[in-house]
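The values are calculated or read from the model by the stated rules, or taken from the named source; none is laboratory data. Fair warning: this is a prediction, and the values are worked out from it, not measured in the lab. With ideal geometry, Cβ positions are generated from the backbone for all residues, glycine too; neighbour counts draw on all protein chains shown. Ligands, DNA and RNA are stripped out before the accessible areas are found, and what is left, the full protein with its side chains, is counted by its heavy atoms. Shrake-Rupley method; radii C 1.70, N 1.55, O 1.52, S 1.80 Å.
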Amino acid sequence: MSAPFVVTIENFQSDVVGSELPVLVDFWATWCGPCKAIGPILDELAEAFDGKMRVGKVNVDEQGALSQAFGVRSIPTLAVVKNGEIVHVEAGFKGRAAVEALFQAHAAS
């Protein structure tokens, strides 16, 4: 079972850039209503795509440098990092179908 993991500036290089699997990075904050709504969707999809994609969570209040590096201006922002490269970034709340489509498009086969 693959639960989302916490992404920090300290583990970003090893756990996201160096990951053998694509990583969907969720930029969020505790005070963000849409972030709270998308959280359970990401939890479910992390489990459903176990072994094909990982989910990392960046708390923008605690990891400002990472948020700046990704150009995050609004949250939630979802970014996909594949083979060490940022291949997709989108901001704003997305329903389950849209998030699942993102997983399907970028998950390892």
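For the range 88-96, the Karplus equation 6.51 cos²θ - 1.76 cosθ + 1.60, evaluated at θ = phi - 60°, returns couplings of 7, 9, 8, 10, x, 5, 10, x, 4 Hz by residue, with Gly and Pro reported as x. What is the range 1-63 by shape, rounded, prolate or oblate, if you read a ≥ b ≥ c off the alpha carbon gyration tensor as root eigenvalues and call it rounded for a/c under 1.5, prolate for a/b larger than b/c, and oblate otherwise? Oblate, because a/c is 1.5 or more while a/b does not exceed b/c. Taking 0.36 nm per residue of separation and subtracting the Cα-Cα distance, full extension of the segment from Asn83 to Gln13 would add 24.0 nm. For the options Ala79, Ala97, Ala46, a Gaussian network treatment of the chain with springs between C-alpha atoms closer than 10 Å singles out Ala97 as fluctuating the most.
Based on alpha-carbon atoms, the Kirkwood radius and the radius of gyration of the chain give Rg/Rh equal to 0.92. Solvent-accessible surface of the chain, taken per residue with a 1.4 Å probe and all protein chains present: 51 Å².
The calculated 222 nm mean residue ellipticity attributable to helices in the chain amounts to -9000 deg cm²/dmol, summing -39500 (n - 2.57) over DSSP H runs of n ≥ 4 and dividing by all residues. Counting only residues at least eight positions apart within a chain, or on another chain, the aspartates and glutamates with an alpha carbon under 20 Å from that of Lys52 are Asp15, Glu20, Asp26, Asp43, Glu44, Glu85, Glu100. What you get for the range 1-50, charging only the Cβ of Lys and Arg (+1) and of Asp and Glu (-1), is a dipole of about 220 debye around the Cα centre.
Over the chain, Cα pairs under 8 Å with separation of 6+ residues give a relative contact order of 37 percent. Of the residues Asn59, Ala29, Ile75, the one whose Cα sits farthest toward the positive end of the charge dipole of the chain, with +1 on the Cβ of Lys and Arg and -1 on the Cβ of Asp and Glu, is Ile75. Each Lys or Arg adds one and each Asp or Glu takes one away; over the other residues whose Cβ falls under 13 Å from the Cβ of Val55, this sums to -4.
Here the dipole of the chain is about 280 debye; that uses its Cα centre as origin and unit charges on the Cβ of Lys and Arg (positive) and Asp and Glu (negative).
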